[in-house]
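S.K.: My questions all concern the structure below.
The values are calculated or read from the model by the stated rules, or taken from the named source; none is laboratory data. Nothing here was measured: the structure is a model prediction, and the numbers come from that model. When we count neighbours, we look across all protein chains shown, and the Cβ atoms used for this are built from the backbone with ideal geometry, even at glycine.
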Amino acid sequence: MSVSNIANIFSSWIIPLLILITLLFAHLRGVKVFESFVEGAKEGFVIAVRLIPFLVAMLVAIGLFRDSGAMKLLSEILSPFLNMFGIPLEILPLALMRPVSGSGALAITSDMLYTYGPDSFIGRLASTMQGSTDTTLFVLTVYFGAIGISKIRHTLAVGLIADLSGFLAAIIICKLFFC
């Protein structure tokens, strides 16, 4: 059995097993799961309403960055470095957008999947990057702003280092599994 087959079997069952284990553990601890879920959903709605102003500000900033040509300029500057390590230049917009916006990164990934195909190296790399990184700047702006945290201390640096680690891990893993 190949590593790819094992990975496919594992990935098919991991989420259902995690949900089942969580529900079973909560039941054994005496947690009223449905009531807790409903209470969390109520709180989530209130938080979502508070997030709207921060979300609008973030979307405007993303639009300005993209429409000003700054993303294209940055891509041109970094292309020699990427070529040196065999990283496809087409993946750079995703690497730049992912820490900023999940929806923007998803749009870029969707375009890559349509253009290059989901089974291409670029398609697999984009999908892996989507799953191995977070929207660090979005989280800091929207969620921290919504709950009133203004001193982020080392959170930005640690978040961006984690994103870079996720990008590098995605590149290494995709080169090992798919090349």
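S.K.: List the pairs whose first member sits in the stretch 100-124 and is free of Cβ contacts under 8 Å to residues at least 60 places away in the same chain, whose second member is of a type in the set (D, E, K, R) and surrounded by 17 or more Cβ atoms within 10 Å (Cβ to Cβ), and whose Cβ atoms are under 7 Å apart, counting only residues at least 6 apart or on separate chains?
M.R.: Close Cβ pairs satisfying both conditions: A105/R98; M112/E90; I122/E90.
S.K.: Checking V139 against (1) closer than 22 Å to L51 by Cβ; (2) touching a residue at least 40 places away in the same chain (Cβ under 8 Å), which test does it fail?
M.R.: Looking at each condition in turn, V139 falls short on (2).
S.K.: May I ask you to say which residue of S36, S68 is within 24 Å of A105 (Cα to Cα) and without any contact (Cβ under 8 Å) to a residue 12 or more places away in the chain?
M.R.: Going through S36, S68 in turn, the sole match is S68.
S.K.: Sticking with this one: So in the stretch 148-179, with the set limited to residues that are touching a residue at least 12 places away in the same chain (Cβ under 8 Å) and outside any helix (DSSP H, G or I), which one is nearest to I87 (Cα to Cα)?
M.R.: Across the stretch 148-179, the extreme among qualifying residues is C179.
S.K.: Which is in contact (Cβ under 8 Å) with a residue 24 or more places away in the chain and either in contact with a Cys (Cβ under 9 Å, 6 or more places away or on another chain) or assigned to a helix (DSSP H, G or I) (or both), of I6, I62, I19?
M.R.: Values: I6 fails: in contact (Cβ under 8 Å) with a residue 24 or more places away in the chain; I19 fails: in contact (Cβ under 8 Å) with a residue 24 or more places away in the chain.
Unique residue meeting the criteria: I62.
S.K.: Now, a different point. Kindly check whether there is at least one residue in the stretch 128-141 that is farther than 30 Å from V46 by Cα, under 20 Å from the mean Cα position of the chain (by Cα) and not polar (S, T, N, Q). Explain how you work it out, then say what you get.
M.R.: Step one: of the stretch 128-141, the residues farther than 30 Å from V46 by Cα are 128-129.
This time we only want the ones that are under 20 Å from the mean Cα position of the chain (by Cα), so: 128-129.
Then keep just the ones that are not polar (S, T, N, Q); that gives 129.
Checking the stretch 128-141: at least one residue is farther than 30 Å from V46 by Cα, under 20 Å from the mean Cα position of the chain (by Cα) and not polar (S, T, N, Q).
S.K.: OK, next. When the residues of the stretch 130-147 are filtered to those that are part of a helix (DSSP H, G or I) and modelled with pLDDT of 85 or more, which remaining residue is nearest to N8 (Cα to Cα)?
M.R.: Selected residue: G131.
S.K.: Can you tell me how many residues in the stretch 14-39 are within 23 Å of the chain's Cα centre (by Cα), surrounded by 10 or more Cβ atoms within 10 Å (Cβ to Cβ) and not β-branched (V, I, T)?
M.R.: Result for the stretch 14-39: 2.
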